[in-house]
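Undergrad: Handing you this structure, nothing more for now.
The values are calculated or read from the model by the stated rules, or taken from the named source; none is laboratory data. Just so it is clear, the structure is predicted and the values come from calculations on it, not from any experiment. In this analysis, Cβ positions are derived from the backbone assuming ideal geometry, glycine residues included, and neighbour counts consider all displayed protein chains.
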């Protein structure tokens with residue numbers, strides 16, 4: 001049995017490979033106009049916070065260490081959140097230049113940061129005695145930052161999740177919980193801009209498919225490459241039809257089993273989607289887990305690394321959302337706050353080349369381009385040998401080329417074969433040397 005658990009965990013580590021398994025139904029998709037704000041936003045802040053924060057070993061600690069559910073639930077008595085301040089969280093995001101936030105209302109351990117009426121496994125019935133999601137949404141509305149809520153249908157407390165056919169009644173109760181709590185989240189707090197599901201795809205059911213078949217030698221795993229095909233179903237179209245009725249313009253992620261309004265890539269960048277769908281990369285600002293660990297403060301991405309990743313994503317028409325995991329008391333690591341502030345300083349100077357742009361091209365040798373109706377922004381992450389960059393031809397005339405950091409003139413030649421940027425300046429200690437090409 002130990003070998004089986006190890007196999008399942010290894011499968012989970014590769015699970016993102018199979019995240020493309022979802023129901024394709026375009027009738028629930030938002031229009032391009034309704035998605036425009038999200039595509040213009042480009043940069044967001046993810047926050048993972050829950051009982052797992054107390055243990056400081058990552059958000060998967062309950063599963064990875066096989067902690068008894070009753071024992072794990074006792075962490076509620078230690079969940080005091082004495083330094084949690086929703087206004088500070090939102091201000092940190094805003095100062096970082098983030099246009100939206102996503103906060104974990106409930107992760108896979110089943111503990112809710114909001115006031116749920118489906119049982120009492122929530123922050124209101126913890127030592128904190130408060131609805132953290134209510135505080136967060138109110139603060140975000142006040143600050144004018146778009147509000148996102150993360151919700152996981154997956155729940156490790158339910159045997160029906162692992163063996164949905166054998167424990168069908170239990171699985172149906174888990175499903176009832178999902179529908180009830182999603183409804184609560186979308187009716188108790190006013191406008192919500194993003195519903196960020198996680199773990200609701202069919203290939204996650206059974207955690208890789210723990211199954212028994214004597215002809216196959218007994219216990220085996222289905223594997224994440226094959227979706228669950230038993231009698232239970234989340235019915236993602238029905239679920240998201242309800243969501244659309246409650247909040248018609250909410251942006252929905254793909255991880256409920258429906259295709260969603262945008263695709264997600266997690267941690268590892270896999271390149272621009274071929275179908276030109278809206279997409280987002282979510283990754284860690286620091287540490288080795290989404291929830292807080294003692295390593296979070298000492299393993300933070302450098303400013304240059306964040307800017308390079310942002311350019312890589314945005315030049316390929318995606319959004320980047322960076323995660324922080326608050327400490328057990330609800331405060332965010334000062335080192336992470338400082339790095340986010342530095343990112344905000346960069347975006348305050350060069351935001352015109354990031355926000356409200358569309359992706360152009362990306363070249364790993366030097367950087368990429370972003371585009372607006374009037375300009376092309378050339379993001380130079382590494383000045384190439386020879387200080388020359390060749391861009392493809394465009395149909396419009398380039399009127400001028402200037403460096404954003406000092407408005408100095410850049411040298412260029414435009415012809416039918418392309419645009420040549422020559423004598424490119426030194427980066428001047430900038431993480432991203434940006435040339436703005438104004439078009440006629």
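Undergrad: Find the residue count for segment 17-75, including only residues that are at pLDDT 95 or above, under 30 Å from residue 358 (Cα atoms), under 20 Å from the mean Cα position of the chain (by Cα) and in a helix (DSSP H, G or I).
TA: The total comes to 8.
Undergrad: List the number of the failed condition for residue 281; all other conditions in (1) within 30 Å of residue 27 (Cα to Cα); (2) in contact with a strand residue (DSSP E or B) (Cβ under 6 Å, 6 or more places away or on another chain); (3) part of a loop (DSSP other than H, G, I, E, B) hold.
TA: The single condition residue 281 does not satisfy is (3).
Undergrad: Filter segment 413-433 down to the residues that are surrounded by 17 or more Cβ atoms within 10 Å (Cβ to Cβ) and under 29 Å from residue 303 (Cα atoms), then identify the one that is modelled with the lowest pLDDT.
TA: Among residues in segment 413-433 that are surrounded by 17 or more Cβ atoms within 10 Å (Cβ to Cβ) and under 29 Å from residue 303 (Cα atoms), the one modelled with the lowest pLDDT is 430.
Undergrad: Counting only residues that are surrounded by fewer than 23 Cβ atoms within 10 Å (Cβ to Cβ), in contact (Cβ under 8 Å) with a residue 12 or more places away in the chain and not in a loop (DSSP other than H, G, I, E, B), how many does segment 299-319 have?
TA: Qualifying residue count for the region: 7.
Undergrad: Further, regarding this structure: Looking for whichever is surrounded by fewer than 23 Cβ atoms within 10 Å (Cβ to Cβ) and in contact with a strand residue (DSSP E or B) (Cβ under 8 Å, 6 or more places away or on another chain) here; the options are 259, 242. Which one fits?
TA: Details: 242 fails: in contact with a strand residue (DSSP E or B) (Cβ under 8 Å, 6 or more places away or on another chain).
Exactly one of 259, 242 is surrounded by fewer than 23 Cβ atoms within 10 Å (Cβ to Cβ) and in contact with a strand residue (DSSP E or B) (Cβ under 8 Å, 6 or more places away or on another chain), namely 259.
Undergrad: Condition first: touching a strand residue (DSSP E or B) at 6+ places or on another chain (Cβ under 9 Å) and part of a helix (DSSP H, G or I). Now tell me which residues in segment 95-126 satisfy that.
TA: Correct list: 123, 124.
Undergrad: Go through (1) at pLDDT 95 or above; (2) in a loop (DSSP other than H, G, I, E, B); (3) surrounded by 23 or more Cβ atoms within 10 Å (Cβ to Cβ) and name the single condition residue 296 misses.
TA: Checking residue 296 against (1) at pLDDT 95 or above; (2) in a loop (DSSP other than H, G, I, E, B); (3) surrounded by 23 or more Cβ atoms within 10 Å (Cβ to Cβ), the one that fails is (1).
Undergrad: Would you confirm, using the coordinates I've provided, whether residue 190 is over 21 Å from residue 136 (Cβ atoms) and either without any contact (Cβ under 8 Å) to a residue 40 or more places away in the chain or not in a helix (DSSP H, G or I) (or both)? Let's see the steps before the verdict.
TA: Numbers: over 21 Å from residue 136 (Cβ atoms): no; either without any contact (Cβ under 8 Å) to a residue 40 or more places away in the chain or not in a helix (DSSP H, G or I) (or both): yes.
It is false that residue 190 is over 21 Å from residue 136 (Cβ atoms) and either without any contact (Cβ under 8 Å) to a residue 40 or more places away in the chain or not in a helix (DSSP H, G or I) (or both).
Undergrad: Mind checking whether some residue in segment 345-354 is free of Cβ contacts under 8 Å to residues at least 24 places away in the same chain, farther than 12 Å from residue 311 by Cα and assigned by TED's automatic domain parsing to the domain that holds residue 40? If you could, list the steps in order and put the result at the bottom.
TA: Step one: filter segment 345-354 for residues free of Cβ contacts under 8 Å to residues at least 24 places away in the same chain, giving 345.
Add one more test, that the residue is farther than 12 Å from residue 311 by Cα, and what stays is 345.
Restricting the remaining residues to those that are assigned by TED's automatic domain parsing to the domain that holds residue 40 gives 345.
Scanning segment 345-354 turns up at least one residue that is free of Cβ contacts under 8 Å to residues at least 24 places away in the same chain, farther than 12 Å from residue 311 by Cα and assigned by TED's automatic domain parsing to the domain that holds residue 40.
Undergrad: A further question follows. Residue by residue through segment 136-169, note down the ones that are closer than 18 Å to residue 234 by Cα and surrounded by fewer than 17 Cβ atoms within 10 Å (Cβ to Cβ). Quick ask: steps written out before the conclusion?
TA: Just the residues of segment 136-169 that are closer than 18 Å to residue 234 by Cα, to begin with: 150-169.
Across segment 136-169, the qualifying residues are 159, 165, 166, 168, 169.
Undergrad: Restricting to segment 352-373, give me the number of residues that are in a loop (DSSP other than H, G, I, E, B) and either surrounded by 17 or more Cβ atoms within 10 Å (Cβ to Cβ) or touching a helix residue (DSSP H, G or I) at 6+ places or on another chain (Cβ under 6 Å) (or both). Spell out how you get there, then give the answer.
TA: Going residue by residue through segment 352-373, those that are in a loop (DSSP other than H, G, I, E, B) are 354-357, 364-366, 372-373.
Next cut, either surrounded by 17 or more Cβ atoms within 10 Å (Cβ to Cβ) or touching a helix residue (DSSP H, G or I) at 6+ places or on another chain (Cβ under 6 Å) (or both) only: 354-357, 366.
Residues that pass the stated criteria total 5.
Undergrad: Where in segment 396-440 are there strands (runs of 3 or more DSSP E), lying fully within it, with 2 or more residues that are under 37 Å from the mean Cα position of the chain (by Cα)? Spell out how you get there, then give the answer.
TA: Details: elements: 398-403, 411-415, 418-422, 433-439.
Here the list reads 398-403, 418-422, 433-439.
Undergrad: Confirm whether residue 375 is in contact (Cβ under 8 Å) with a residue 12 or more places away in the chain and not assigned by TED's automatic domain parsing to the domain that holds residue 38. Break it down into steps so the answer makes sense when it comes.
TA: Numbers: in contact (Cβ under 8 Å) with a residue 12 or more places away in the chain: yes; not assigned by TED's automatic domain parsing to the domain that holds residue 38: yes.
Spelling it out, residue 375 is indeed in contact (Cβ under 8 Å) with a residue 12 or more places away in the chain and not assigned by TED's automatic domain parsing to the domain that holds residue 38.
Undergrad: Anything in segment 193-224 that is assigned to a helix (DSSP H, G or I) and touching a strand residue (DSSP E or B) at 6+ places or on another chain (Cβ under 9 Å)? List them, or say none.
TA: Within segment 193-224, 202 is the sole residue that qualifies.
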